[in-house]
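The values are calculated or read from the model by the stated rules, or taken from the named source; none is laboratory data. Remember, predicted model here, so these are calculated numbers, not experimental data. As a convention, Cβ positions derive from the backbone with ideal geometry for all residues, glycine included, and neighbour counts pool all protein chains shown.
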Amino acid sequence: MSTAQPADRSPRATGKDAGRPAANHDAARRGDRLDRSDARPGEDVDPRRYAGEGACRSYRPGHLLHFIHAGRISRTPWGWRDAVVREISTDNVAVVDYLDGSGTAEIWQHRDLSVAAPPGMPVRLHERYYALAAGRAVLNVLLLRGIGPVPEPASPDLWAGEGEVIVVDLATGDGLTSRRQ
């Protein structure tokens, strides 16, 4: 059985999208072999979709971490806020409380956050570049609600050398921090 989809030739499909297959969300919900990179919070997503042949290939917020994304995070070390994970809902939305009392944030990731950052775990959240650091792991997250990014310091040059190098594991799409030497 072919999963080929008709090309999207609608007026909206211009430039690089013209002639590409149209999204078939009904087929994805039925479980046909389609890329599930369009998964959103609250959708019933089978976690087995992200392993093996049907692995996620999306670099959108909440999915895999791209090396360019990791570089931007590394170059803005002032952007992190210390927090603790308060809870994780059944649709994989985590609520984190900032330790300075400035507020809370809600984030989502396509994989089970309770494994990487269970409730009670201290974490760091970078709202400008939507990243969660839990231990040495750095995950690309979808920021659903927050207090806004940390303002850029008056002298960003003073932060030179303070950031951690983030190496991206191509097999998992996760970042791993390493101290600068």
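Go through the stretch 93-107 and count every residue that is in a loop (DSSP other than H, G, I, E, B) and hydroxyl-bearing (Ser, Thr, Tyr).
1
So if I check each of His69, His126, which one is touching a strand residue (DSSP E or B) at 6+ places or on another chain (Cβ under 6 Å) and surrounded by 15 or more Cβ atoms within 10 Å (Cβ to Cβ)?
Just one listed residue meets the conditions, His126.
Tally up the residues in the stretch 89-105 that are of a type outside the set (Asp, Glu) and either more than 17 Å from Asn140 (Cβ to Cβ) or surrounded by fewer than 17 Cβ atoms within 10 Å (Cβ to Cβ) (or both), please.
Residues flagged as of a type outside the set (Asp, Glu) and either more than 17 Å from Asn140 (Cβ to Cβ) or surrounded by fewer than 17 Cβ atoms within 10 Å (Cβ to Cβ) (or both) within the stretch 89-105 amount to 9.
Answer with yes or no whether Ala116 is under 16 Å from Leu139 (Cβ atoms), at pLDDT 90 or above and either out of contact with any Gly (no Cβ under 9 Å at 6 or more places or on another chain) or of a type in the set (Lys, Arg) (or both).
In short, no.
When the residues of the stretch 109-124 are filtered to those that are of a type in the set (A, V, I, L, M, F, W, C) and closer than 13 Å to Val84 by Cβ, which remaining residue is farthest from the chain's Cα centre (by Cα)?
Met121
Would you pick out the residues in the stretch 132-160 that are over 20 Å from Gly71 (Cα atoms) and aliphatic (A, V, I, L, M)?
Within the stretch 132-160, Leu144, Ile147, Ala154 qualify.
Do you know which of the residues in the stretch 108-131 that are part of a strand (DSSP E or B) and touching a helix residue (DSSP H, G or I) at 6+ places or on another chain (Cβ under 8 Å) is farthest from Phe67 (Cα to Cα)?
His126
Suppose we keep only residues that are in a loop (DSSP other than H, G, I, E, B) and touching a residue at least 60 places away in the same chain (Cβ under 8 Å) within the stretch 132-167. Which one would you say is surrounded by the most Cβ atoms within 10 Å (Cβ to Cβ)?
Taking the candidates together, the pick is Val141.
Enumerate the pairs (first residue in the stretch 84-108 and on the phi < 0 side of the Ramachandran plot; second residue anywhere and of a type in the set (Lys, Arg) and at pLDDT 95 or above) with beta-carbon separation below 6 Å, excluding pairs fewer than 6 apart on the same chain, so at least 6 apart or on different chains.
Close Cβ pairs satisfying both conditions: Val95/Arg86; Asp97/Arg86; Tyr98/Arg81; Glu106/Arg145.
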